[in-house]
1. Using 0.36 nm times the number of residues separating Ser19 and Thr94, minus their current alpha carbon distance, what extension gain do you get?
2. Under a 10 Å cutoff between Cα atoms, tell me which one of Gly24, Gly32, Gly49 has the largest fluctuation in the Gaussian network model of the chain.
3. Rank Leu89, Leu40, Leu20 by mean-square fluctuation in a GNM of the chain with C-alpha springs under 10 angstrom and give only the top-ranked residue.
4. Under a Cβ-only charge scheme (Lys and Arg +1, Asp and Glu -1), can you give me the dipole magnitude of the stretch 2-103 about the Cα centre, in debye to the nearest 20?
5. Enumerate the amide H contacts of Val5 below 5 Å, restricted to partners 5 or more residues apart or on another chain; note that Pro and chain-start residues carry no placed amide H.
6. With viscosity set to 0.890 mPa s at 25 °C, what whole-number translational diffusion coefficient in µm²/s follows for the stretch 2-103 from Stokes-Einstein and a Kirkwood radius over Cα pairs?
Amino acid sequence: MRILVIGTAGRTVRNVMRSLLANGHEVTALAGTSGYWRDLDPRLHVARGDARDARCIERAVVNQDVVISCVGAKGLAQPDVQDVVMRNLRAAMTKFGVKRLVKLLN
């Protein structure tokens, strides 16, 4: 499956992505900087962008089968970040016919 992972800064998320890759999934991480993820696994695709930007979300969601959102408000210092990201995700997923969403909170 083609899986997009959003909110990729935490240790739990890195473990999730490693597991997905180990099980043969094609994984794309939406990340602010691509250099941070190069060492994780050479099979990992990195889409640069901000999860709060609707256009970045749309570009990342295209051709995905599943979206895993691990976005947390901790490091972003914006109280409405969950609402903004989920609203953008819902619109993009609807537009491109992606029907599976997993939301991880830790």
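1. My answer for the length gained is 24.3 nm.
2. Maximum among the listed residues: Gly24.
3. Between Leu89, Leu40, Leu20, it is Leu40 that shows the largest mean-square fluctuation.
4. 120
5. Thr28, Ala29, Leu30, Ile68
6. On the way: Rh = 13.5 Å.
Taking Rh from Cα pairs, D becomes 182 µm²/s.
Just so you know, all these numbers are worked out from the coordinates, no wet-lab data involved. Keep in mind that what you see is a predicted model, and the values were worked out from it rather than measured. Cβ sites come from the backbone with ideal geometry, for glycine too, and all protein chains shown count toward neighbours.
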